[in-house]
Amino acid sequence: GKARQVTTGAGNHVRPSFSSEGKWIYFSDNSGAGIWRVPFAGGAAELVTHNGHEAFESPDGHWLYYAGYGVAPGIFRVPTGGGAEQLIFRDPRAAAWAMGSSHIYVGMAPAADTAHILRIDPESGKREEIYRFPPEARRFGFATSLAVSRDERTLYHIGNKRTEADILLVDNFR
């Protein structure tokens, strides 16, 4: 296929993701200018949020979930058709997150305890620890990521140990 430029203008446009029906591409601007979207077919970008990075649209297309940072850290959602943002989760130890088909998964950096992964129901706010790393496993430091399959049966985490990085797969945790 042929490549085409999707965004233009000043800024460092990063972390793209597709809308559930594929009509939009969401992206963030590393300058802290928020979440934008641009039509997949081409056109002008629209500002969706004034804060955040790394956005994912819900599978039903009703919500845009995103990670806020700076003065408003946490995981938020906003209706895709416009409206007020809602705080879903906030904890200073949250280091990585991923959107499943109906839950949000958050990698929690260790404090007094060990690192672990939470599953959060965005509708009820219910939180459940689904995996706890062994104490010797220093997870969720710099340059980590988390991803979950759409059926929420498998997730992966990329973590680092000093100058090394590795991938951990957790399967059949339901």
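Odds and ends about this structure:
- Sorted from longest to shortest, the spans of the Cα atoms of the chain along the three principal axes equal 49, 38, 36 Å.
- The distance between label points at Asp60 and Ile158 comes to 3.2 nm (points 7 Å beyond Cα on the Cα→Cβ vector).
- Solvent-accessible area per residue for the chain (1.4 angstrom probe, square angstrom): 56
- Carbon/sulfur fraction of accessible area - the chain, other protein chains in place, 1.4 Å, %: 53
- Size of the range 30-109 as Cα extents on the principal axes (Å, biggest first): 40, 29, 21
The values are calculated or read from the model by the stated rules, or taken from the named source; none is laboratory data. As the structure is a computational prediction, the values presented were derived from the model and not from experiment. We place every Cβ from the backbone using ideal geometry, glycine too, and count neighbours over all the protein chains shown. For accessibility, only protein heavy atoms count, side chains too; no ligands or nucleic acids. Shrake-Rupley method; radii C 1.70, N 1.55, O 1.52, S 1.80 Å.
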